[in-house]
Amino acid sequence: MASPEIDALTQALSRLPGLGPRSARRAVLHLLKRRESAMEPLLRALEAVNERLVTCGICGNVDTVDPCGICADPRRDARALCVVEDVSDLWALDRSRLFPGRFHVLGGRLSALEGVRPEDLGIDALVARVEAGGIDEVVLAMNATLEGQTTAHYLAERLERFPIRLTQLAHGVPVGGELDYLDEGTLAQALRARRPMA
């Protein structure tokens, strides 16, 4: 039987996405057996991120610096802006290395059932970025869910008055699918086949 501290660690890990009680126990045992090579570096990394974690004031990404590494990268095409629902979607698209522009994280999606309204998301900040000028294309990379597509249509209405090319990811992203769970090949195809909003 484990001590209360070890049980607490196991329970904390089991609350992470993708880790159930069994996986959490295996992870804890691994950390305990490899205290110096696994547990201590993990603790240092968690403490460093916890002390420095910030939300980028430009795009809404999370990083240890503000502006984030993506917004501060001069190699990024500032004329192209990809709008995503959450940070996990930004990371998934950025991992593919296929989108050369910058990003904007809404912080969710419109949902009448969950009470998420336009003012609850980063939509006004997005409109302000486009209104400031210098953006030629806005890619709406919403998840292929009812709420994601509702959000995309709302954004299209809000952005239609600006002289920009407004596109969305091509179908190829499965209906009901979420960007964070897609492989790079599927994301690559969806980005290459993006099309104007109807």
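The values are calculated or read from the model by the stated rules, or taken from the named source; none is laboratory data. Bear in mind the structure is a predicted one, so any value in this text is a computation, not a measurement. Counting neighbours? That spans all protein chains shown, and the Cβs are built from the backbone with ideal geometry, glycine included. Note: areas computed on protein heavy atoms with side chains; ligands, DNA, RNA excluded. Shrake-Rupley method; radii C 1.70, N 1.55, O 1.52, S 1.80 Å.
Quick notes on this structure:
- Hey, residue 88 of a type in the set (Ser, Thr, Tyr), open to solvent by 20 Å² or more (accessible area, probe 1.4 Å) and in the same structural domain as residue 151 (by the TED database) or not: yes
- Screening residue 118 on (1) under 18 Å from residue 143 (Cα atoms); (2) open to solvent by less than 50 Å² (accessible area, probe 1.4 Å); (3) in contact with a Gly (Cβ under 8 Å, 6 or more places away or on another chain) shows it passes everything except condition (3).
- Of residues in the stretch 169-192 being open to solvent by 20 Å² or more (accessible area, probe 1.4 Å) and in contact with a strand residue (DSSP E or B) (Cβ under 8 Å, 6 or more places away or on another chain), the one farthest from residue 111 (Cα to Cα): 186
- Search result, residues across the stretch 44-68 that are open to solvent by less than 40 Å² (accessible area, probe 1.4 Å) and more than 15 Å from residue 122 (Cβ to Cβ): 48
- Residue 81 at pLDDT 95 or above, in contact with a strand residue (DSSP E or B) (Cβ under 6 Å, 6 or more places away or on another chain) and open to solvent by less than 90 Å² (accessible area, probe 1.4 Å): yes
- Any hit, the stretch 103-124, residues being touching a residue at least 60 places away in the same chain (Cβ under 8 Å) and under 17 Å from residue 157 (Cα atoms): yes
- Residue 38 being assigned to a helix (DSSP H, G or I) and either on the phi > 0 side of the Ramachandran plot or surrounded by 15 or more Cβ atoms within 10 Å (Cβ to Cβ) (or both): no
- Condition check for residue 148: surrounded by fewer than 21 Cβ atoms within 10 Å (Cβ to Cβ) and either of a type in the set (Gly, Ala, Ser) or in contact with a Leu (Cβ under 9 Å, 6 or more places away or on another chain) (or both): no
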